[in-house]
């Protein structure tokens, strides 16, 4: 039971939202959307999406909010450390949506925010449920703006039950509907472990900017440098990757360094960015990854086509 009291007269927004107020983006997105863990390659696009859409329903949504959300992604899935998992819906066209899964005390998971095109949200919900199951959550719940009928219809079609309205939880005059769904967890630990292995058994997709993809396919770029996000730490020599969901390559080796300086002193800069010197490559990486990301560790992924 939730009890509350309004300290001033309530004013309601219209039941039907304007397009820019809804969390569902109505323009048609790519049919080849893939769900991946958060990557810094999409930081600017994610920030733009959060600031544009979520600020309609929350006060204090700014770049600092986005940074704190991303830092939570790096804490893992321990609710006591306020950990969370950020999922992105991406394609070669760019970012189509995002979701955040937050484990809570007692083993439910909060799925919020949930933003993007309708087809991106559908895949994000499915991916978020899988994450929640893997960390042992028995229930998942989310919030949807009153009046975002597209999102609410989608949630109900996927088995979510509306539980009521939260009056002005994050911003005056803006109400949210609460939806939840009970997840069926396997009581067999071996079966759950097999489910995890099946998810990891599929070739992972690594998204590469087009200019660098062409260099890899031509054999001139064989080294890809990333920082130690969870999905990067899971990679191992010998496994196959799909570049941009299309081009298969194999991981020949992975090397880890404490800093970009140590990495560039040991690695061949020509194999990271063909035609660039060590100093230029170092400057590029420093500009791409701020110091708090560099502290996650620098990973050099050696590829062979």
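Bear in mind these aren't lab numbers, they're just calculated from the coordinates by the rules spelled out. A quick note: this is a predicted structure, and the numbers were derived from the prediction, not measured. Here the Cβ positions follow ideal geometry from the backbone for every residue, glycine too, while neighbour counts run over all protein chains shown.
Worth pointing out:
- Across the range 203-304, C-alpha contacts under 8 Å between residues 6 or more apart give a mean separation that, scaled by the residue count, equals a relative contact order of 39 percent.
- Translational diffusion of the range 19-190 was estimated from the Stokes-Einstein equation, with Rh taken as the Kirkwood radius over Cα pairs; at 25 °C and 0.890 mPa s the coefficient is 151 µm²/s.
- Most tightly packed first, judged by the mean number of other beta-carbon atoms within 10 Å of their residues, the peptides 163-174, 94-105, 130-141 read 94-105, 130-141, 163-174.
- Counting only the Cα atoms, the range 203-304 fills a convex hull of 90 Å³ per residue.
- Relative packing of 50-62, 117-129, which averages over residues the other C-beta atoms within 10 Å, highest first: 117-129, 50-62
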